[in-house]
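Trainee: Structure in structure tokens, see below.
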Amino acid sequence: MTRQRIAVLGATGSIGDSTLAILAMAEHNFEVYALSGHQRLDKLFALCERFRPTRVAVPSASVDGFAIRLQAAGLSIDVVGGDEGLNDIATDSEVDTVVAAIVGAAGLPSTLAAARAGKRILLANKEALVMAGQVMMDAVANSGATLLPIDSEHNAIFQCLPLDVQQSRTHIHDSKHGIRNLWLTASGGPFLHKSFEQMQQAGVAEAVKHPNWSMGQKISVDSATMMNKGLELIEACHLFNLPEDKISVVIHPQSIIHSMVAYNDGSVLAQMGMPDMKTPIAHALSYPERIESGVVPLDLYEMSDLSFIKPDLQKFACLRLARQAMQAGMPATITLNAANEIAVEAFLAEQIRLTDIADINEQALSYGTAEFGTRIEASLEDILAMDARVRMHTQHLIAQLTRRA
Ligand code: NAD
Ligand code: MG
């Protein structure tokens with residue numbers, strides 16, 4: 001394996017932690033060339049001390065202060081700021097691999113820039129594909145970039161696909177590859193066995209306490225509403241070039257099978273492992289080779305019960321909305337993503353209830369479909385303009401709701 005130069009965008013988050021833990025174990029294979037962080041800059045500073053990257057990206061307003069701090073510590077690191085700084089790092093000619101681990105729409109511009117620059121992209125930022133799926137996939141195809149999913153489900157599917165599809169030599173063809181459907185597994189989140197009323201009453205601490213995975217706050221709330229699985233359904237349609245009705249969602253509460261591919265001959269291939277993001281990240285970092293990830297091996301003698309349940313689309317309406325949005329097209333998926341980000345923020349700020357998120361998303365989706373139709377000029381500017389309008393409208397929906405309460 002030649003030594004790869006890595007940029008970790010979103011280095012201070014949960015995916016950032018898992019990525020850097022692997023990179024620290026394999027310093028002969030990887031160089032941490034660049035890091036970025038938006039909040040928790042003390043943590044970013046400690047990472048700079050530990051990994052001594054060549055470049056670091058922070059919010060624009062923090063560039064000068066951060067540079068002075070690095071200098072005082074005797075660290076000579078180039079500090080860049082804002083979206084421009086992130087784009088600069090994502091397209092830096094010294095960078096081989098970009099780990100796209102910023103949360104939400106904020107990660108789209110730099111991820112798309114990396115795709116256009118032909119980088120090897122390890123994609124955690126699912127929102128980029130939900131907002132700009134076709135644009136992203138076209139950019140990857142045109143530039144010759146390599147897109148490796150590290151969302152655990154998509155990484156599992158990737159590992160179960162035929163080699164020529166993995167290596168992007170062809171798209172999935174029903175006839176040639178004989179794929180019947182994909183099974184996207186979901187844990188069901190903390191409310192799987194709770195009633196809708198219990199879900200309605202849940203506080204923030206309860207909602208972000210995931211049974212199997214330890215993750216950032218936004219994706220934890222998305223897991224509680226199953227919006228995460230909805231976003232992943234849309235992500236899978238784009239990554240694997242399949243319509244939404246070829247992708248089935250099944251709840252598998254133990255999170256041991258990370259997803260499956262069903263073939264026409266009756267075979268179902270699954271990827272299994274302990275629920276730890278270091279496995280898919282290590283797979284993608286070293287693909288097509290394999291490296292140590294530090295993950296505890298799966299002990300099948302301890303796995304007496306692997307179960308599967310059909311999701312309840314009334315309780316988890318966000319999953320239904322995601323299918324609806326995928327059928328309706330890009331303006332609808334942009335709308336759903338933007339509305340959901342605002343609704344999740346409002347829930348985390350204790351302005352609305354957990355179950356209000358689906359209602360807000362549904363109202364926003366009606367607005368988006370009426371306002372934008374089903375087609376969009378596929379430029380980043382158009383996508384971001386639409387995203388901004390939906391955010392404003394959703395704030396307005398939330399204000400109405402909180403006034404009524
Ligand atoms: P997190 O909240 O722990 O970390 C988010 C990172 O993004 C941080 O480094 C933060 O500083 C940065 N960030 C936040 N807002 C930003 C902005 N406006 N501009 C620039 N940077 C910003 O989130 P996470 O759990 O690590 O998730 C990151 C992404 O990976 C999400 O898209 C999530 O859906 C996806 N993902 C996460 C997991 C997981 O296990 N955590 C699993 C699969 C996919
Ligand atoms: Mg996932």
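The values are calculated or read from the model by the stated rules, or taken from the named source; none is laboratory data. Quick caveat, the model's predicted, so the values are computed rather than measured. Counting neighbours? That spans all protein chains shown, and the Cβs are built from the backbone with ideal geometry, glycine included. Ligands, DNA and RNA are stripped out before the accessible areas are found, and what is left, the full protein with its side chains, is counted by its heavy atoms. Shrake-Rupley method; radii C 1.70, N 1.55, O 1.52, S 1.80 Å.
Trainee: Roughly how many nanometres apart are two label points built 7 Å out from the Cα toward the Cβ at residue 164 and residue 78?
Mentor: For the pair residue 164/residue 78, the computed spacing is 4.2 nm.
Trainee: For the pair residue 312 and residue 39, how long in nm is the line joining their label points, each one 7 Å along Cα→Cβ?
Mentor: A separation of 3.1 nm, rounded to one decimal place.
Trainee: While we're looking at this one, here's another question. Relative contact order (percent) for the chain, with alpha-carbon contacts under 8 angstrom and 6 or more residues of separation?
Mentor: Details: 722 pairs, mean separation 57.2, N = 405.
Relative CO of the chain lands at 14 percent.
Trainee: Right, here's the next one. Rank 349, 128, 322 by mean-square fluctuation in a GNM of the chain with C-alpha springs under 10 angstrom and give only the top-ranked residue.
Mentor: 349
Trainee: What span do the alpha-carbon atoms of the chain cover on each of the three principal axes, reported in whole Å from largest to smallest?
Mentor: Per principal axis, max minus min of the Cα coordinates gives 56, 55, 44 Å.
Trainee: In whole Å, what is the distance between the alpha-carbon centres of segment 1-48 and segment 320-379?
Mentor: For segment 1-48 versus segment 320-379, the Cα centre distance is 32 Å.
Trainee: Regarding segment 99-237, what whole-number volume in Å³ per residue does the convex hull of its Cα atoms give? If you can, show how the numbers build up before the last one.
Mentor: On the way: hull volume 16.1 nm³, N = 139.
That works out to 116 Å³ per residue.
Trainee: Note down the relative contact order for segment 4-149 as a percent, whole number, built from C-alpha pairs under 8 angstrom at least six residues apart. Walk me through the intermediate numbers first.
Mentor: Working: 275 pairs, mean separation 31.4, N = 146.
Value for segment 4-149: 21 percent.
Trainee: Helix-only estimate, please: 222 nm mean residue ellipticity of the chain, summing -39500 (n - 2.57) across DSSP H runs of length 4 or more and dividing by its residues, to the nearest 500.
Mentor: Values: 18 runs with 201 residues, N = 405.
My calculation for the chain gives -15000 deg cm²/dmol from helical runs alone.
Trainee: I want to verify a result. In a Gaussian network model of the chain, Cα cutoff 10 Å, which of these has the top mean-square fluctuation: 106, 339, 61?
Mentor: Of the options given, 61 has the highest mean-square fluctuation.
Trainee: Using a 1.4 Å probe, what is the accessible area per residue for segment 214-339, in Å²?
Mentor: On the way: 5090 Å² over 126 residues.
Spelled out: the 1.4 Å probe surface of segment 214-339, per residue, equals 40 Å².
Trainee: Enter the accessible area per residue of segment 4-149 (Å², integer; probe 1.4 Å; all protein chains in place).
Mentor: Accessible area per residue: 37 Å².
Trainee: Any of 229/310; 119/229; 209/246; 126/278; 194/310 with alpha carbons more than 20 Å apart? Name them for me. Write out the running numbers ahead of the final one.
Mentor: Numbers: 229/310 13 Å; 119/229 27 Å; 209/246 31 Å; 126/278 17 Å; 194/310 15 Å.
Where the Cα-Cα span goes over 20 Å, the pairs concerned are 119/229; 209/246.
Trainee: How much of the accessible area of segment 87-218, in percent, comes from carbon and sulfur atoms when a 1.4 Å probe is used? Could the numbers behind the result be given before it?
Mentor: On the way: 2430 of 4980 Å².
Using a 1.4 Å probe with all protein chains present, segment 87-218 comes out at 49 percent carbon and sulfur.
Trainee: Please work out, to two decimal places, the log10 of the ratio I(q)/I(0) at q = 0.12, 0.16, 0.24 Å⁻¹ from a Debye calculation in which every Cα of segment 303-405 carries one identical scatterer.
Mentor: Listed by q, the Debye log ratios stand at -0.43, -0.69, -1.24.
Trainee: Kirkwood hydrodynamic radius of segment 4-149 from all distinct Cα pairs, in Å?
Mentor: Values: mean 1/r = 0.0670 Å⁻¹.
Every distinct Cα pair counted, the radius reaches 14.9 Å.
Trainee: Magnitude of the Cβ-charge dipole of segment 4-149, K/R +1 and D/E -1, about the Cα centre, nearest 20 debye?
Mentor: Working: 11 positive and 15 negative charges, 46 e Å.
For this selection, approximately 220 debye.
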